[in-house]
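Read-outs: derived from the displayed coordinates by stated rules, not from any lab. Predicted model, so just to flag it, every value in this text is computed and none were measured. Quick reminder, even Gly has a Cβ in these numbers, built from the backbone with ideal geometry, and neighbours come from all protein chains shown.
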Amino acid sequence: MKTVSPMARWAAGVFAVSVLPAMVAGLPVGVTVPPAAGEDAATPLEKAFPHSQKCKRCHLRVFEEWEASAQSRSILSAPFHVSLERYRNTSGDADGGMCFRCHAPSVLEYPDHVGVYLKEIASGDPNLDGVGCSQCHLIKDVDSERHPPHPTYQLGRVVFGSYEKPADNLAHQSAPSALYGQSRYCVACHENLPGYENLPDLLGPWHKTEAQKKGKQCQSCHMPEAFGESANGERNRKISNHSFPGRFGKVRADAVTMDVETDVRGKESEVKVTIRSLVPHNLPLPHPGWSRVELDVTILGKNLRKTYSEQRYYERVFGDQNGKATIFDFEGASVLRDTVLKPEETRVERFVIPTPADAPSMDVIVTMTYSPIHGPDDFVNEVVRRAALGRKDRAFQPVRISRYKENISLETP
Ligand code: HEC
Ligand code: HEC
Ligand code: HEC
Ligand code: HEC
Ligand code: HEC
């Protein structure tokens, strides 16, 4: 039995919902038990979905990883704020909470709290989590029959996870759930936007891939396994990284292989790039609508002077009601062009380039990057204005995926 500490007393207040008899029995005398509020709407949101700060006390490692992740910024980024406003200006209040369905899924249980979230966001320093510990660990099930799949919550003292035998603790009960090790858990928020079922899904046919057939789940790549403490001071065991590497982070190194063949044919040459995506879903994922991956071929001639460069994009271009291209997927009524790399696809790109004249050799450089945010000037300028770091915000940084460089001799033998 753990010693009685102010910590234990605090822990009893993590969840303010109905206190289970087992928990009461485990509590030392003198500790005030929070009133059994029951699982009704009378429980304030911040009690039903305790803030991640409350879990930090015992799960420091997980917290620090999560804090560095995109998920922890799901309602904080300037691109999100500006596009949310644009969406709300056109959607009206009826669907005004749509974006929160995944960016702050507590609104699924508290639909009348959309306004609270909007106010919190406007404050610039929200006290509520978007996708925090509770928003993920209180998911009891995912209804995969619905599109997009729907997460169902069980709000209470029980935290779900994939351990079969979690150690006991004074803050919460733990229940094992196979769901947490399965792709369908993640797909609940990564498949598609609700109301956009007439547009193709974001991930593509992920469930038919070699990776999935081999038993690789989303977690295998995006929550890589390690060995360590799950809670402070507990014995070491299998743990899962919570920094959710994706666009940022280590997983990128395994995204593609690139083979480049250059055929010098007099005044013109051909650069053939064979890209093999190792990613078992679309690359990039086409939400938000401006996401795109750039493939750049640059030729350096004499004295390393640039003689040619060409860019091609992997993206999904949405058409609005009038058939005009828009970078806002929520204005999309159709798809005008879709060049995203499909799951595990091999794509061949041929570039015909002018062979540099009077040069003994040329450098062929092929680079693949995630493009920075782009769009109409008013939108981009507003994002710059709102971002704490202005143009230095990560949204404006290209992120390199892969690079190839070769020197090709041009001397005729
Ligand atoms: C409750 C909804 C929700 C669930 C469940 C969820 N995600 Fe996410 N995820 C998000 C949101 C929202 C973002 C985007 C945050 C942002 O950048 O604004 C995100 C971002 C990510 C990113 C980072 C993307 C990037 O651009 O780098 C990865 C990787 C990711 N999620 C993987 C997963 C995996 C793996 C799972 C399952 C274990 C999962 N997610 C479950 C909502 C969710
Ligand atoms: C079905 C769940 C879902 C819905 C609904 C949704 N998003 Fe997202 N959003 C995500 C996920 C997941 C990511 C991370 C995507 C990735 O990196 O591939 C994301 C990323 C983003 C990003 C880029 C990351 C960032 O925070 O800057 C923006 C901006 C964004 N969403 C805006 C919106 C807006 C505006 C709406 C409503 C019109 C919306 N989203 C609705 C799941 C959703
Ligand atoms: C996007 C959803 C998501 C978020 C956010 C999230 N988790 Fe997890 N967590 C998971 C999943 C899924 C697993 C199981 C992973 C597996 O089995 O591969 C897990 C596993 C765990 C585990 C057991 C394994 C380990 O690494 O210790 C703990 C403890 C945990 N989470 C605590 C937290 C805490 C605390 C937070 C907030 C700081 C948090 N989680 C945020 C989805 C999430
Ligand atoms: C008083 C300390 C304490 C607090 C506070 C706490 N936890 Fe835990 N938690 C633990 C311990 C101890 C374990 C067991 C770890 C083990 O088995 O190695 C655990 C296990 C877990 C697991 C794994 C459960 C499973 O079945 O796989 C998850 C998920 C989790 N906690 C989430 C949370 C979340 C979310 C919060 C905040 C709302 C939180 N914890 C707050 C101590 C705490
Ligand atoms: C075999 C490993 C693997 C599996 C399994 C996998 N992914 Fe990925 N995923 C990647 C790689 C690699 C990238 C990085 C691509 C890059 O940044 O170039 C990525 C990128 C992402 C991103 C962010 C990048 C973007 O284009 O917006 C999200 C979000 C994501 N994956 C979600 C998922 C979800 C959800 C699943 C499960 C259905 C999943 N992934 C399964 C390897 C995997």
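Identify all lysines with a Cα-Cα distance to LYS272 below 26 Å; exclude those on the same chain that are fewer than 8 residues away in sequence.
Those lysines meeting the cut-off are LYS302, LYS306, LYS342, LYS405.
Give me the extension gain from THR152 to GLU310: residue separation times 0.36 nm, minus the current Cα-Cα distance, reported in nm with one decimal. Walk me through the numbers on the way to the answer.
Details: separation 158, 0.36 × 158 = 56.88 nm, distance 4.73 nm.
Gain in length upon complete extension: 52.1 nm.
Whole Å is fine, so just give me how far the alpha carbon centre of the range 352-384 lies from that of the range 70-124.
34 Å
In deg cm²/dmol and to the nearest 500, what is the mean residue ellipticity at 222 nm of the chain if only DSSP H runs of at least 4 residues count, each as -39500 (n - 2.57), divided by the residue total?
Numbers: 13 runs with 88 residues, N = 413.
My calculation for the chain gives -5000 deg cm²/dmol from helical runs alone.
Mind computing the radius of gyration and Dmax over the alpha-carbon atoms of the range 289-344? Å is fine for both.
Spelled out, the Cα radius of gyration and Dmax of the range 289-344 are 15.9, 51 Å.
Report the relative contact order of the chain, percent, no decimals, based on alpha-carbon pairs under 8 angstrom and at least 6 residues apart.
It rounds to 13 percent for the chain.
Once you have the Kirkwood Rh of the range 254-409 from its Cα pairs, apply Stokes-Einstein at 25 °C and 0.890 mPa s and quote D in µm²/s.
Numbers: Rh = 17.3 Å.
After rounding, the answer is 142 µm²/s.
List the pairs from LYS54/LYS165; LYS165/LYS214; LYS119/LYS250; LYS250/LYS392 whose alpha-carbon separation is above 32 Å, in the order I gave them.
LYS119/LYS250
Provide the gained length on full extension for the span LYS302 to ASP112, in nm with one decimal, where the gain is 0.36 nm per separating residue minus the Cα-Cα distance.
Extra length from LYS302 to ASP112 when fully extended: 61.9 nm.
LYS47: which aspartates and glutamates have alpha carbons under 14 Å from its alpha carbon, excluding same-chain residues fewer than 8 sequence positions away?
GLU39, GLU109, ASP129
What residue among ALA104, ALA48, ALA167 shows peak mean-square fluctuation when the chain is described by a Gaussian network model with Cα springs under 10 Å?
Of the options given, ALA167 has the highest mean-square fluctuation.
Does the range 88-137 come out rounded, prolate or oblate, given a ≥ b ≥ c as the square roots of the eigenvalues of its C-alpha gyration tensor, rounded meaning a/c under 1.5 and, failing that, prolate meaning a/b above b/c? List each step's numbers first, then the result.
Details: a/c = 2.13, a/b = 1.32, b/c = 1.62.
Note, shape of the range 88-137 comes out oblate.
Let me know the shape class of the range 200-260, please: from the alpha-carbon gyration tensor, a ≥ b ≥ c as square roots of the eigenvalues, rounded when a/c is under 1.5, otherwise prolate if a/b is greater than b/c, or oblate.
Prolate is the answer for the range 200-260, as a/c is 1.5 or above and a/b outweighs b/c.
Using bins 20 angstrom wide from zero, how does P(r) for the chain break down, in % of all Cα pairs?
23, 50, 22, 5, 0
If packing is taken as the mean number of other Cβ atoms within 10 Å per residue, what is the order of 80-87, 300-307, highest first?
Top to bottom by mean Cβ count within 10 Å: 80-87, 300-307.
Report for the chain the percent antiparallel among DSSP-assigned beta bridges with both residues inside it, nearest 5.
Just about 95 percent of them are antiparallel.
How many angstrom lie between the Cα centre of the range 149-192 and the Cα centre of the range 230-258?
Result: 18 Å between the Cα centres.
Running a GNM on the chain with Cα contacts under 10 Å, which residue among GLY181, GLY215, GLY332 ends up with the highest mean-square fluctuation?
Comparing GLY181, GLY215, GLY332 in a Gaussian network model of the chain, the most mobile one is GLY215.
For the chain, what is the charge dipole size about the Cα centre, in debye to the nearest 20, if Lys and Arg each add +1 at the Cβ and Asp and Glu each add -1 at the Cβ?
Magnitude of the dipole: close to 1020 debye.
Specify whether the C-alpha gyration tensor of the range 339-379 places it in the rounded, prolate or oblate class, a ≥ b ≥ c being the square roots of the eigenvalues: rounded for a/c under 1.5, otherwise prolate if a/b is larger than b/c and oblate if not.
Oblate, because a/c is 1.5 or more while a/b does not exceed b/c.
Assign unit charges at the C-beta atoms only (+1 for Lys and Arg, -1 for Asp and Glu), then state the dipole size of the range 270-402 relative to its Cα centre in Debye, rounded to the nearest 20.
340 debye
So if we plug the beta-carbon distance of ASP254 and ASN89 into 1/(1 + (r/R0)^6) with R0 = 45 Å, what FRET efficiency do we get, rounded to 0.05? List each step's numbers first, then the result.
On the way: r = 40 Å, r/R0 = 0.89.
So, using R0 = 45 Å, E works out to roughly 0.65.
What is the gain in length, in nm to one decimal, between GLU225 and ARG237 on full extension, counting 0.36 nm per residue of separation less the C-alpha to C-alpha distance?
Length gained, GLU225 through ARG237: 3.3 nm.
GLY228: net charge of surrounding residues, Cβ under 14 Å, Lys/Arg +1, Asp/Glu -1, itself excluded?
My count for the surroundings of GLY228 gives -1.
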